[in-house]
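The values are calculated or read from the model by the stated rules, or taken from the named source; none is laboratory data. Owing to the predicted nature of the structure, the values given are computational and were not obtained by experimental measurement. Using ideal geometry, Cβ is built from the backbone for each residue, glycine included, and neighbour counts are taken over all protein chains shown. Each accessible area value is taken on the protein alone, full model and side chains, heavy atoms only, with ligands, DNA and RNA left out. Shrake-Rupley method; radii C 1.70, N 1.55, O 1.52, S 1.80 Å.
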Amino acid sequence: MGRRPRVGIVSLVHESNTWLSAPTGIERFREFELQIGEEIRAVQAGSFTEIAGFLAGLERHGIDAVPIFHAGALPSGPITRDACDALMDLLFAELAKAGELDGVLAAPHGAGVGVGDDYRDFDGLWLTRLRQA
């Protein structure tokens, strides 16, 4: 009998409002939700979130869920470049520690916007990097 499949779980959610001039820094994520590894399971399991659905569905099908990274902040202005970089650095550092995975389930918000042209589609940026990893 072979090993059970392992699927990583990552989530980075922010509803960025480009009409607001005050940007969102990393401290807003730390204040609201910034969870790593098994802390994600402890906080999110049984809630009404995508992560809870991932955890329950994987368990139901005999697949090992590997919680990796979750960050969220309340809706606010675009995310600063420093915060975008810090979030991606943390996400990909934790992904590297996760070991061999058979897949990754990702939960973006879909409205993440960073400051600057190269961060404007922040969700697209981190998801592209995730796919490449």
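At 0.36 nm per residue, minus the direct Cα-Cα distance, what do Phe48 and Asp64 gain on full extension? Give it in nm, one decimal, please.
Values: separation 16, 0.36 × 16 = 5.76 nm, distance 2.02 nm.
My answer for the length gained is 3.7 nm.
What's the longest piece of the chain with no exposed trypsin sites (Lys or Arg not before Pro), counting a site as exposed if DSSP puts it in a loop and it has at most 15 other beta carbons within 10 Å?
Here the longest run is 4-119.
Determine the dipole magnitude for the chain: charges of +1 sit on the beta-carbon of Lys and Arg, -1 on that of Asp and Glu, nothing else is charged, the reference point is the Cα centre, and the result goes in debye to the nearest 20.
Working: 12 positive and 19 negative charges, 75 e Å.
Using only the charged Cβ atoms, the result is roughly 360 debye.
Could you give me the ³J(HN,Hα) list for the range 18-33, computed from phi with Karplus coefficients 6.51, -1.76, 1.60 and θ = phi - 60°, whole Hz, x at Gly and Pro?
So the J values, rounded to whole Hz, are 6, 7, 8, 7, 7, x, 9, x, 4, 4, 5, 6, 4, 6, 9, 8.
Non-local amide H neighbours of Gly112 (under 5 Å, H modeled in plane, Pro and chain starts lacking H): which ones?
Under 5 Å from the amide H of Gly112 lie the amide H atoms of His14, Ser16, Asp123, each far enough along the sequence or on another chain.
Taking 41 Å as R0, compute the FRET efficiency from the Cβ-Cβ separation of Arg120 and Glu39 and round it to 0.05.
Computed FRET efficiency for Arg120 and Glu39 comes out at 0.85.
What FRET efficiency comes out for Leu101 versus Ser21 if R0 is 30 angstrom and r is the Cβ-Cβ distance? Round to the nearest 0.05.
0.15
Per residue, how large is the accessible surface of the chain? Use a 1.4 angstrom probe and give square angstrom. Spell out each step's value before the answer.
Values: 7400 Å² over 133 residues.
Counting only protein heavy atoms, the per-residue value for the chain is 56 Å².
Using θ = phi - 60° and the Karplus form 6.51 cos²θ - 1.76 cosθ + 1.60, what ³J(HN,Hα) does each residue of the range 111-117 get, whole Hz, x for Gly and Pro?
Along the range 111-117, the couplings run 10, x, 10, x, 7, x, 4 Hz.
Can you show me the helix-derived [θ] at 222 nm for the chain, built from DSSP H runs with n ≥ 4 at -39,500 (n - 2.57) apiece and divided by the number of residues, rounded to the nearest 500.
Values: 5 runs with 53 residues, N = 133.
Computed ellipticity for the chain at 222 nm equals -12000 deg cm²/dmol.
Among Ala71, Leu101, Thr49, which residue has its Cα positioned farthest towards the positive end of the charge dipole of the range 21-133, with +1 placed on the Cβ of Lys and Arg, -1 on the Cβ of Asp and Glu, and the dipole taken about the Cα centre?
Toward the positive end, the furthest listed residue is Thr49.
Any chance you could check the Cα centroid distance between the range 102-133 and the range 1-18 for me, in angstrom?
The two parts, judged by their Cα centres, are 12 Å apart.
Where the accessible area of the range 55-113 is counted over protein heavy atoms with a 1.4 Å probe, how much of it, in %, is carbon and sulfur?
Looking at the range 55-113 in its full context, I get 54 percent from C and S.
Which whole-Hz couplings ³J(HN,Hα) result when phi for each residue of the range 121-133 is put into the Karplus expression 6.51 cos²θ - 1.76 cosθ + 1.60, θ = phi - 60°, listed in order with x for Gly and Pro?
Once rounded to whole Hz, the list reads 9, 4, 4, x, 5, 6, 5, 5, 4, 5, 4, 5, 6.
State, to one decimal in nm, how far the label point of Arg131 lies from the label point of Asp89, with both points 7 Å from Cα in the Cβ direction.
Those two pseudo-labels are separated by 2.6 nm.
Pull up all non-local amide H partners of Ser11: gap of 5 or more, or a different chain, and H-to-H distance under 5 Å with H placed in the peptide plane.
Those lying under 5 Å, H to H, from Ser11 are Phe69, His70, Ala71, Ala107.
With a cap of 15 neighbouring Cβ atoms within 10 Å, and only residues DSSP puts in a loop, list the chymotrypsin sites (Phe, Trp or Tyr not before Pro) found in the range 34-88.
The qualifying sites are Phe48.
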